[in-house]
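Have a look at the structure below before the remarks.
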Amino acid sequence: MSVSCPPLADITILDLTHVLASPFCSHTLQDLGARVIKVERPGAGDDTRAFPPFVNGESAYFAALNSGKQSIALDLKSPTDRGIFDRLLARADVVLENYRPGVMERLGYGWEKLHAKYPLLIYGAVSGFGHTGPEAGKPTYDMVVQARGGVISITGEENGPPVRVGASIGDIVAGMYLAQGVLAALYGRERTGRGAKVDIAMLDAQLAIQEHSLALTTATGKPLGRTGARHPTITPFSTYRASDGFFVIAAGNDAMFVHLCKTLDLPIKTDDPRFATNAARCAHHALLKRLIEAVTLEQPVAHWIAKLEAAGLPTARVQDMAEVLKDPQILARAMVLPMDPDAAGNRFTAPGNPIKLSTLPERATRPAAPRLDGNRADILKWLNT
C-alpha cells in the first residue's frame with residue numbers, strides 16, 4: 001500500500017528564475033512535494049507571463065510551467081524588499097537563479113556570501129555557458145546552445161540544412177540536470193551538514209546528451225552527420241510511409257529484422273549479403289527503405305501498427321500533439337491534467353508528473369499558477385510565524 005509522503009514535503013525553494021530552464025527545474029521539484037516561492041520582478045514578473053497563447057489575457061505557457069508555485073514580487077535593489085528576501089533566505093533550503101554570471105554577486109547575493117551566512121542553503125544556478133570558463137558571461141538562448149553544442153548539426157534530413165530540435169531541449173535538459181544537482185546537494189547536506197552550489201551550463205548539457213555522436217566522432221575521427229529520422233548505426237530504425245501517413249519501425253537486432261521480414265512479407269531474403277547483418281543493412285539503408293515502403297504504402301498506418309504489435313515488434317504511429325493528448329496509454333498514466341481555475345476563472349491543461357513514486361499520490365488535477373505577487377500576504381504571514 002502506498003503512503004502519502006511526498007519526498008520533498010519539508011523543502012522550501014526560493015525561485016528567482018524566469019522563462020524555461022530553471023522554472024522547469026522548480027516545476028519538477030514542486031511535483032515532488034517542495035514548496036516553491038517564485039520571487040518575481042514587480043510589475044512584470046516572469047517573462048513568460050507575456051508569452052502566447054493567452055486565455056483571457058493569461059499565458060497558457062506560463063501556467064503550464066508554474067502550476068502550484070507561489071508568487072511574491074520583490075525589487076532586490078529596494079532596502080525594504082531586500083529585508084523580506086533576507087528573511088526568506090533564512091528559512092529556505094534552496095535558492096535557484098538563472099541570471100548571467102555576476103548578477104547575483106552585484107546584488108550582494110552571490111554563492112560565497114550566501115554560503116557564509118546560510119551554510120545549509122543549496123544554491124542552484126543555470127546559465128548558458130556556466131559560471132567558469134572564458135565565455136561564462138555571454139548571453140544565450142536554447143537555439144544557440146543547440147547549435148554550438150552540436151545537436152543542430154545532426155538534426156534534419158541527410159541532404160538538407162541543419163534543423164533545431166522542435167522541443168526546447170537546450171533549456172529543458174539543463175533544467176533536468178539542475179533538478180538532479182539540487183537533489184544530490186540536498187542528500188549531501190544530510191550527511192555533511194553543509195549546503196552546496198550547483199552550477200549548470202546549458203552548453204554542457206547539450207554535449208552530455210549526445211553519447212552516440214561523441215562515441216562515433218572520437219572512435220572514427222569523423223563527425224556524425226544528419227540522417228533524418230533514421231538511426232545512424234541501426235537499420236531498419238526509422239519512419240516509414242503508409243498509405244495515409246507515417247509510422248516508426250525499430251528493429252534493433254538481426255533476429256528482429258528476420259521477424260520483420262516475415263511479418264510484413266517483405267520481398268527480401270534475409271541471407272542476402274546486403275541485409276544479412278546490421279552493418280550491411282546500414283550500408284544499404286536507402287534500398288532497404290524503398291523495399292519496405294513498396295509494401296507499407298499499400299495499407300494505412302493502423303493496419304501496420306496492428307500487424308507489427310501482434311508480432312511483438314516495436315512500432316508507433318507518428319502522432320501530433322492533438323493525437324498525443326488523446327493517447328489512451330498517456331491518459332492512463334495521468335499525463336494530461338486539467339488545471340484548477342486560476343483567480344480569474346481561466347482553465348488550462350498541463351502535463352502530469354512523469355516521476356511516479358509509490359509515496360507520491362497521483363493527481364487528478366494540477367493547482368493553478370499564481371498571479372503576480374498573489375501570495376504576498378500568505379508568505380509574509382509565514383515569515384512571521
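Of the conditions (1) at pLDDT below 95; (2) on the phi < 0 side of the Ramachandran plot; (3) not in a helix (DSSP H, G or I), S213 fails just one. Which one is it?
(3)
For the condition under 26 Å from R164 (Cα atoms) and outside the structural domain of G149 (by TED's automatic domain parsing), what is the one hit in A306, A279, A250, A294? Spell out how you get there, then give the answer.
Working: A306 fails: under 26 Å from R164 (Cα atoms); A279 fails: under 26 Å from R164 (Cα atoms); A294 fails: under 26 Å from R164 (Cα atoms).
Of A306, A279, A250, A294, the one residue that is under 26 Å from R164 (Cα atoms) and outside the structural domain of G149 (by TED's automatic domain parsing) is A250.
Among the candidates L308, L288, L313, which residue alone is out of contact with any Phe, Trp or Tyr (no Cβ under 7 Å at 6 or more places or on another chain), surrounded by 15 or more Cβ atoms within 10 Å (Cβ to Cβ), at pLDDT 95 or above and in a helix (DSSP H, G or I)?
On the way: L288 fails: out of contact with any Phe, Trp or Tyr (no Cβ under 7 Å at 6 or more places or on another chain); L313 fails: in a helix (DSSP H, G or I).
Of L308, L288, L313, the one residue that is out of contact with any Phe, Trp or Tyr (no Cβ under 7 Å at 6 or more places or on another chain), surrounded by 15 or more Cβ atoms within 10 Å (Cβ to Cβ), at pLDDT 95 or above and in a helix (DSSP H, G or I) is L308.
Please verify whether region 88-106 includes one or more residues that are in the same structural domain as G137 (by TED's automatic domain parsing), over 27 Å from V144 (Cβ atoms) and without any contact (Cβ under 8 Å) to a residue 24 or more places away in the chain.
no
Give the residues of region 236-262 that are outside any strand (DSSP E or B) and either farther than 14 Å from E293 by Cα or in contact with a Phe, Trp or Tyr (Cβ under 6 Å, 6 or more places away or on another chain) (or both), sorted by residue number.
Step one: of region 236-262, the residues outside any strand (DSSP E or B) are 236, 243-244, 251-262.
Within region 236-262, A251, G252, N253, D254, A255, M256, F257, V258, H259, K262 meet the criteria.
Output the residues belonging to region 26-36 that are within 21 Å of D199 (Cβ to Cβ) and either of a type in the set (D, E, K, R) or not in a loop (DSSP other than H, G, I, E, B) (or both). Don't jump to the end; show me each part of the working.
Just the residues of region 26-36 that are within 21 Å of D199 (Cβ to Cβ), to begin with: 26-29, 34, 36.
Answer for region 26-36, where residues must be within 21 Å of D199 (Cβ to Cβ) and either of a type in the set (D, E, K, R) or not in a loop (DSSP other than H, G, I, E, B) (or both): S26, H27, T28, L29, V36.
Of the conditions (1) of a type in the set (S, T, N, Q); (2) farther than 27 Å from Y187 by Cα; (3) out of contact with any Lys or Arg (no Cβ under 7 Å at 6 or more places or on another chain); (4) buried (at least 19 other Cβ atoms within 10 Å of the Cβ), S59 fails just one. Which one is it?
Failing condition for S59: (3).
Taking region 9-25 on its own, how many of its residues are assigned to a loop (DSSP other than H, G, I, E, B), among the β-branched types (V, I, T) and closer than 20 Å to L121 by Cα? Working first, answer last.
First, pick out the residues of region 9-25 that are assigned to a loop (DSSP other than H, G, I, E, B): 9-11, 16-20.
The next check asks that each one be among the β-branched types (V, I, T); those that pass are 11, 17, 19.
Now drop any that are not closer than 20 Å to L121 by Cα, which leaves 11, 17.
Counting residues in region 9-25 that are assigned to a loop (DSSP other than H, G, I, E, B), among the β-branched types (V, I, T) and closer than 20 Å to L121 by Cα gives 2.
Yes/no per residue for (1) in a helix (DSSP H, G or I); (2) at pLDDT below 95; (3) β-branched (V, I, T):
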position: K38; (1), (2), (3): no, no, no
position: P52; (1), (2), (3): no, yes, no
position: A63; (1), (2), (3): yes, yes, no
position: I72; (1), (2), (3): no, no, yes
position: D75; (1), (2), (3): no, no, no
position: T80; (1), (2), (3): yes, no, yes
position: L89; (1), (2), (3): yes, no, no
position: L96; (1), (2), (3): no, no, no
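Filtering region 207-222 down to residues that are touching a residue at least 12 places away in the same chain (Cβ under 8 Å) and not hydrophobic (A, V, I, L, M, F, W, C), which residue is farthest from R148 (Cα to Cα)?
Let us first name the residues in region 207-222 that are touching a residue at least 12 places away in the same chain (Cβ under 8 Å), namely 207-210, 212-213, 216.
Adding the requirement that they be not hydrophobic (A, V, I, L, M, F, W, C) leaves 210, 212-213.
On the way: Q210: 13, H212: 17, S213: 14 Å.
For region 207-222, the residue satisfying everything is H212.
Can you tell me which of A334, A369 is in a loop (DSSP other than H, G, I, E, B), under 21 Å from E40 (Cα atoms) and assigned by TED's automatic domain parsing to the domain that holds N66? Working first, answer last.
Values: A334 fails: under 21 Å from E40 (Cα atoms).
Checking each option against the conditions leaves just A369.
Here's a check for you: in region 246-268, which residue that is out of contact with any helix residue (DSSP H, G or I) (no Cβ under 8 Å at 6 or more places or on another chain) and either within 16 Å of P232 (Cα to Cα) or of a type in the set (D, E, K, R) (or both) is surrounded by the fewest Cβ atoms within 10 Å (Cβ to Cβ)?
Among those that are out of contact with any helix residue (DSSP H, G or I) (no Cβ under 8 Å at 6 or more places or on another chain) and either within 16 Å of P232 (Cα to Cα) or of a type in the set (D, E, K, R) (or both), it is K262.
Restricting to region 114-150, give me the number of residues that are in contact with a Leu (Cβ under 9 Å, 6 or more places away or on another chain), part of a loop (DSSP other than H, G, I, E, B) and aliphatic (A, V, I, L, M).
Looking only at that region, the number is 1.
The values are calculated or read from the model by the stated rules, or taken from the named source; none is laboratory data. Just so it is clear, the structure is predicted and the values come from calculations on it, not from any experiment. For neighbour counting, all protein chains shown are included, and Cβ atoms are generated from backbone atoms with ideal geometry for every residue, glycine included.
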